[in-house]
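Some notes on the structure that comes next.
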Amino acid sequence: MLEHSDPSAESRDSQSTVLQEVIAEFGRHLDMLAEQLGASLIEADRECVSVGESFHELSAAKRTIEGIVCDEPARTVLRSSCKQIGDSLHTAVVALQYHDRLAQRLTLVRAGLIRLQDLLQDHSPRSYGEWLHALREVEQTNRTEQKRLGPAVGQTNGSGPCALSQSSVELF
């Protein structure tokens, strides 16, 4: 007895297989991007630690120079130079805080990519509606994490643009 297969069922199976391959490939690309972000963050953190150590050394040298007892006009020149060094260190610390904020945001982006990749690598059969629901849940999680961190520089939070003041140091 010959079995006749339903051509539309074969077509759906073929489309489903192709869709699963596309989803798996998309997940692989997300994983690659998440790995690149992670490696970049580790490298940036390593460099920031090095810069921070340099700032501590400069600050110690500044204190030593400030402690030198001497007559005018050398005293005024030393104090003026120490003030300039202090101002430059302050500006650099504020700039590093921007880096820290960026690193926090990139960590959230990486976590979001990993969540998407995990969803895409879950081989549970899903309808398009279930996919849409699962993707919206991931989006909601990502938005919640973003709100926890706060608005990005340049974005508004209802009270105007958000930016770190050059005259204040904020610790995260």
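Please treat every number below as a calculation from the coordinates, not as lab data. Bear in mind that the values here come from a model prediction, so they are computed numbers and not experimental data. Glycine also receives a Cβ, built like all others from the backbone with ideal geometry; neighbour counts cover every protein chain displayed.
Calculate, for MET32 and VAL94, the FRET efficiency according to 1/(1 + (r/R0)^6) with r their C-beta to C-beta distance and R0 22 Å; round to the nearest 0.05. Walk me through the numbers on the way to the answer.
Numbers: r = 34 Å, r/R0 = 1.55.
Efficiency for this residue pair is about 0.05.
Tell me which of ALA34, VAL51, THR64 sits at the most positive position along the dipole axis of the range 33-82, charges placed on C-beta atoms (Lys, Arg +1; Asp, Glu -1).
The one lying farthest along the dipole's positive direction is THR64.
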